[in-house]
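These notes concern the structure reproduced below.
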Amino acid sequence: MSDVVISAVGLGKMYRMYRHPRDKVIDAFGLGRLMPWKRDYFKEFWALRDLGFEIRRGERVGLVGRNGAGKSTLLKIIAGNITQTEGSIRIGGEVQALMELGTGFHPEFTGRENIHASLAYHGLDRAQIEARVDEIVDFAELDDFIDQPIKSYSAGMYARLAFSTATSIEPEVLIIDEVLGAGDAYFAGKCIERMRRLTTDRGVTVLFVSHDVSAVQQLCSRAIWIDRGTVVEDGDTQDVVKSYYRSIQREDALRRRAQASGLRKLRSLQKMEQALDHRALFHLVCDTPHPVGSHRIRAARLRRGDAAPVTLAFGAPMDNDVSAATAVLDDPGYMDWSAPKSDSGGRYRAYEDRGGTYRHAPFELTVETAGFPSSTWTLEIDADVEAGDRVRVELYWAESYHDLGVLVPGQASHRFELPDLAPPADESTGSDPGAPAAVDSAAAGATPAASAHDVVPTGQSSPAAPVERHGKASIVSWERPDPCIEGVRFLDAGGEEVGGIEELEDLIVEIAYASTRVIEHPVFSMSILLANGTLFCHANTALAGMDIDRIEGQGVVRFRFPRFRGCAGDYMMGCSIFHYLDPVNYAGQPPYYDQHDRAYRFKVWKRMDNGMSLGSARIHFEADHRPGSDGVAQAGRFND
């Protein structure tokens, strides 16, 4: 028997989005074929596409990703609630899914009656049900409410009952989608322990979705990161979570840029992007009203220097999600884009005669406003263009279109340098509020920064005095922060680079930085976390009583932990360079120049080869015995 319980090949799910309610009726009754002039009465929205993976028996797999990434759609396909549009999915066993509170139980029935109904639905007879009821009630800890209608239950009580009932059946595949977030931390811990036991003892496969990434780290040994309907990364939980955290840092940086630019009231991330960045609009047009041929457009990329390009993959899932940073504008009846297609070369959209009112094929790429457009930017388009049409590429800027060039038939890759264009009339020609606040190093009398700042957090030094905040907080580009963290090394007591240490050995964490300008009074910070995401300890230069006068160029900051007290296990570490940090009057995380969240890992190996666990940290303690009757008083100390 195969160990593969879930196998997905080329999995995709498409939804039809209608412009008018009547169009949905036309589609439902198949009237579209009788109305050829209405061939574009809906557009395709692919929530998933080209998904492929295998999950083996007994694995605990976490699904991570932003809201709207496609996680719940995938789980509904696995659970059998909806069917896929393309591809195949094979499930090797019974699936039990906890996906939404309020489904599966009748609100007028009592908790006990809902248990009976749910177990009967899964084919258990009366004797089997009665044998499980007491265990379900005990685990849910709802003795005082089990005979009350569940419409009177809180969300947490409902989650307890639903999870306890679902796991009592011991299915081959257990799906948990966010519902545990309604329970308290105590019960969530019980649930995680039960899921761990089910996989270890019974070979149950668990698919776990939660926005509490720490819970995913605690339960799952494998994680799959889904974004815009496709798998971005699949592997070890710690590695995937590290990549996922790096991806959402841009969102965090964007919100901080919005705050610093006086846009605190813009709660929508999309509105922040539009206020701080420029959604560059491009389009394809022909000399004729509509193209004669069908031109396959596969990808578009905006590049500047060595920074990661802004990329749009045509035909990919959610490529027409206009709330994203890149999008195809494919409104049916208005644009000349086809629906997503595929051939031996991969996914694409065709620029062809679709009778679009606006007679063009537009798409958007979001870039930083500063320095755009200019000759430092290039646009690359991967396309297969048929002969017979002259397909031009144009950029919309300052209320007019600017010609970039022509897509050449027979050429797979096309490159266009953007022109140097003046900013729109409504944009200030002064300093960009999102640009770094430069410091004149000559005027400041700057000298090269010290090569190292050794910090030994002993807990004995008094906190630094509050540092004066110099001017407006600097906001830096996401692609290349300045100053930036160049890398981190873990060193032993002798200064040799290591991947870990033994218990009670000295640990040195070295943070290398680089800055092209003078930065006054920065604060270096680092945190060590357990493998499940729980914060183990924190250190920063302000807590150590240091006020770093200035940095410029390259240097390192070292944090030294004499006889590191963490017990054996895996650890994560993150670090930041802050503008300032007041350890006395701390009021939330201040702006930072660069931040590497949970980006590094190291190990602590067990010092003594025995089976005793001392928890997360080796804490010194003293004990004494004072007999109430005749006897000898005793005292002891644990100070290894």
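Compute, for LYS24, the solvent-accessible surface of its heavy atoms (probe 1.4 Å) with the complete set of protein chains present, and express it in square angstrom to the nearest 10.
Accessible area of LYS24: about 130 Å².
Based on the Cβ-Cβ distance of SER374 and GLN411, what FRET efficiency does E = 1/(1 + (r/R0)^6) give at R0 = 30 Å, to the nearest 0.05? Intermediate values should be presented prior to the final figure.
Details: r = 25 Å, r/R0 = 0.83.
Efficiency, from the Cβ-Cβ distance: 0.75.
Over segment 517-584, average the accessible area per residue using a 1.4 Å probe and give it in Å², no decimals.
Ligands and nucleic acids excluded, the result is 32 Å² per residue.
Considering every pair of different Cα atoms, what Kirkwood radius, in Å, is found for segment 546-599? Don't skip to the answer; put the middle values down first.
Values: mean 1/r = 0.0707 Å⁻¹.
Here the Kirkwood hydrodynamic radius works out to 14.1 Å.
Suppose R0 equals 22 Å; then what is the FRET efficiency for ASP570 and VAL232 from their Cβ-Cβ distance, rounded to the nearest 0.05?
Numbers: r = 23 Å, r/R0 = 1.04.
That gives a FRET efficiency of 0.45.
Calculate the length of the line joining the C-alpha centroid of segment 545-594 to that of segment 321-349, in whole Å.
Between the Cα centre of segment 545-594 and that of segment 321-349, the gap is 45 Å.
Quick one: if you stick a label point 7 Å off each Cα along the C-beta vector at ASP287 and ARG222, how many nm between them?
5.7 nm
Given the Cα-Cα distance of ASN585 and TYR121 and 0.36 nm per residue of separation, how much length would full extension add, in nm? Please report the intermediate quantities before stating the final value.
Details: separation 464, 0.36 × 464 = 167.04 nm, distance 5.77 nm.
Value of the extension gain: 161.3 nm.
Please list, ordered by chain and number, the residues whose modelled amide H lies under 5 Å from the amide H of ASP321; skip anything fewer than 5 residues away on the same chain.
Correct list: VAL328.
Tally Lys/Arg at +1 and Asp/Glu at -1 over every other residue whose Cβ is under 11 Å from the Cβ of GLU497; what's the total?
Values: positive: ARG489; negative: ASP492, GLU496, GLU510.
Surrounding charge for GLU497 is -2.
Counting other Cβ atoms within 10 Å, which GluC sites (Glu not before Pro) in segment 381-419 have at most 12 and lie in a DSSP loop?
On the way: sites: GLU386, GLU394, GLU399, GLU417; in loops: GLU386, GLU399.
Taking segment 381-419 and a limit of 12 other Cβ atoms within 10 Å, the loop GluC sites (Glu not before Pro) found are GLU399.
Can you work out the FRET efficiency for the pair ALA387 and ARG16, with r the C-beta to C-beta distance and R0 = 41 Å, to the nearest 0.05? If you can, show how the numbers build up before the last one.
Values: r = 34 Å, r/R0 = 0.83.
Using R0 = 41 Å, I get an efficiency of 0.75.
Tell me, in nm to one decimal, what length is gained between THR311 and HIS211 on full extension, where the rule is 0.36 nm per residue of separation less the Cα-Cα distance? Write out the running numbers ahead of the final one.
Working: separation 100, 0.36 × 100 = 36.00 nm, distance 2.63 nm.
Working it through step by step, the gained length comes to 33.4 nm.
Please give the per residue accessible area of segment 101-222, computed with a probe of 1.4 Å over protein heavy atoms only, in Å².
Accessible area per residue, segment 101-222: 45 Å².
Only bridges with both residues in segment 162-242 count here: give the DSSP antiparallel percent, nearest 5.
Taking every DSSP beta bridge within segment 162-242, about 55 percent pair in antiparallel fashion.
Apply the Karplus curve 6.51 cos²θ - 1.76 cosθ + 1.60, θ = phi - 60°, to the phi angles in segment 115-123 and return the couplings in whole Hz, x for Gly and Pro.
3J(HN,Hα) across segment 115-123, in whole Hz: 4, 4, 5, 5, 5, 5, 4, 8, x.
May I ask which of LYS43/LYS341; LYS242/LYS603; LYS242/LYS606; LYS71/LYS242; LYS13/LYS71 have a Cα-Cα span longer than 23 Å here?
Values: LYS43/LYS341 13 Å; LYS242/LYS603 16 Å; LYS242/LYS606 25 Å; LYS71/LYS242 19 Å; LYS13/LYS71 12 Å.
From LYS43/LYS341; LYS242/LYS603; LYS242/LYS606; LYS71/LYS242; LYS13/LYS71, over 23 Å: LYS242/LYS606.
Could you go through segment 105-111 in sequence order and give the Karplus-derived ³J(HN,Hα) for each residue, using 6.51 cos²θ - 1.76 cosθ + 1.60 with θ = phi - 60°, rounded to whole Hz, and x for Gly and Pro?
Once θ is set to phi - 60°, the couplings for segment 105-111 become 10, 8, x, 7, 7, 6, x Hz.
Could you check the spin-label model distance between ASN639 and THR357? Points 7 Å from the Cα along Cα→Cβ, value in nm.
8.3 nm
How far apart, in nanometres, would the label points at ARG196 and GLN148 be if each is projected 7 angstrom from Cα along the Cα-to-Cβ direction?
Each label point is offset 7 Å from its Cα along the Cβ direction, giving 3.2 nm.
The values are calculated or read from the model by the stated rules, or taken from the named source; none is laboratory data. Just so it is clear, the structure is predicted and the values come from calculations on it, not from any experiment. Because the Cβ atoms are built from the backbone with ideal geometry, glycine has one as well, and the counts that use them run over all protein chains shown. These accessible areas exclude ligands, DNA and RNA; they are computed on the full protein's heavy atoms, side chains included. Shrake-Rupley method; radii C 1.70, N 1.55, O 1.52, S 1.80 Å.
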